[in-house]
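A quick write-up on the structure given underneath.
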Amino acid sequence: MFDVVAVGKVNRDAFIRSGEFKLLKDKKALKELEIETEQAECFPLGIKTSIEKPIFAGGGGAHNAAVTFARHGLKTGVVGSIGDDLAGKDITRFLRDEGVKTFFKTDKKEGTGYSVVISSPDGERTIFVYPGASDKLKDADIRFPQARARWFYISPGAIPVGEMEKFVSRAKKSGAKVAMNPSGFYIEKGKNEMKRIFPMLDVIIVNREEAALITGVPYSAEKKIFKEFDRITTGIAVITDGKNGASVSDRSYRYHIESFPEKEIADRTGAGDAFGSGFVATLMHANDTVYALRFAAANATSVIESVGAVSGILAKKDFENPRWKEADCDIEPL
């Protein structure tokens, strides 16, 4: 039996950086272009633009989480869907070298999913996504007892909600605990379509904007958001808030930790995956919410300081560095 199996999105990432990419922050220009974010990354058309050496690596929430679990010393598996191509073979080889057992469906028609990450100087990024095989996973592709585990960590991408519902139900019947970091695709479905999944989750991990969308509670009312999660779920709710840190509700208390200061901001890709999987990995070991929050915050910070979603992921021994002892955790009744 595995300690944990990560289930969901697996893909190939390509990271592209260039000093010739420019940030557009003019509000009027952004409005005219119908860009809803506060800034855009721009480059001229019709010319060749020099870039730094591109970096290619595995990615996707299930892939990234599996690396955290393996480096934490847990017996780890990963379930996903890849193409019958070089990218899929490279991902499989890398994960096996990390000590992860792979249970991949190989899609003969679709290629391995691909993301091209265009990074800005401040570490923010725009991601171009080709889902490919990554969203083709079905409940029937996840075989017991080969992938039997004490915990399942689900990062579903755009895998159909109905397929994940069937899998989560099977996992719970097997006696496993289930954590989920729902994707934007799942957030858009809303709590009505996911209402049968929520009560089966032992841990749900979302960012603050996603939490507000799921619960229908205003962004600023964090305690009310947690109260609504307590109503629609039966487990622990984790809400990340970027530079403002993260909060957790265990249905009795609210825990809050500030982010660790970054030495540098190289790339924010995978920070959410690092936080969520880091929290679950340490919770499995220690069943200590404060310790789990501190490791999760450290793992996310370390990932931000490197290019790529997994190069900065901490091994368990790395957490002994005095740098990661500095964060305080506030605790208050809900």
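The values are calculated or read from the model by the stated rules, or taken from the named source; none is laboratory data. As the structure is a computational prediction, the values presented were derived from the model and not from experiment. All Cβ positions, glycine included, derive from the backbone under ideal geometry; neighbour counts span all protein chains shown.
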### Query
If Ala57 satisfies every condition in (1) touching a residue at least 60 places away in the same chain (Cβ under 8 Å); (2) under 20 Å from Ile159 (Cβ atoms); (3) part of a strand (DSSP E or B) but one, which is the exception?
(2)
### Query
Residues in the stretch 300-307: is at least one out of contact with any Phe, Trp or Tyr (no Cβ under 6 Å at 6 or more places or on another chain), of a type in the set (A, V, I, L, M), in a helix (DSSP H, G or I) and surrounded by 18 or more Cβ atoms within 10 Å (Cβ to Cβ)?
yes
## Note on the structure
Within the stretch 192-212, residues surrounded by fewer than 17 Cβ atoms within 10 Å (Cβ to Cβ) and in a helix (DSSP H, G or I) come out as Asn192, Glu193, Pro199, Glu209
### Task
Scan the stretch 18-47 and report the pairs whose first residue is in a helix (DSSP H, G or I) and whose second residue is polar (S, T, N, Q), with Cβ atoms within less than 8 Å and a gap of 6+ or a chain change.
Leu30/Thr37; Leu30/Gln39
### Task
Might you let me know whether the stretch 260-268 holds any residue that is farther than 28 Å from Ala14 by Cβ and β-branched (Val, Ile, Thr)?
no
### Query
Taking the stretch 235-279, which residues are among the aliphatic types (A, V, I, L, M) and under 19 Å from Gly59 (Cβ atoms)?
Ile265, Ala266, Ala271, Ala274
### Query
Would you say Thr234 is surrounded by 16 or more Cβ atoms within 10 Å (Cβ to Cβ), assigned to a loop (DSSP other than H, G, I, E, B) and in contact (Cβ under 8 Å) with a residue 24 or more places away in the chain?
no
### Task
Test Ile187 against the criterion of being in a helix (DSSP H, G or I) and at pLDDT below 90, and give yes or no.
yes
### Summary
Checked the stretch 151-184 for anything surrounded by 23 or more Cβ atoms within 10 Å (Cβ to Cβ) and part of a loop (DSSP other than H, G, I, E, B); matches are Pro156, Gly157, Ile159, Asn181, Pro182
### Task
With the condition kept exactly as written, say whether any residue in the stretch 113-136 is more than 22 Å from Gly270 (Cα to Cα) and either of a type in the set (Val, Ile, Thr) or not in a helix (DSSP H, G or I) (or both).
no
### Task
List the number of the failed condition for Ala140; all other conditions in (1) over 26 Å from Arg268 (Cβ atoms); (2) of a type in the set (A, V, I, L, M); (3) at pLDDT 90 or above; (4) surrounded by fewer than 17 Cβ atoms within 10 Å (Cβ to Cβ) hold.
(3)
### Message
If a residue must be in contact (Cβ under 8 Å) with a residue 40 or more places away in the chain and surrounded by fewer than 24 Cβ atoms within 10 Å (Cβ to Cβ), how many such residues does the stretch 84-99 contain?
### Response
2
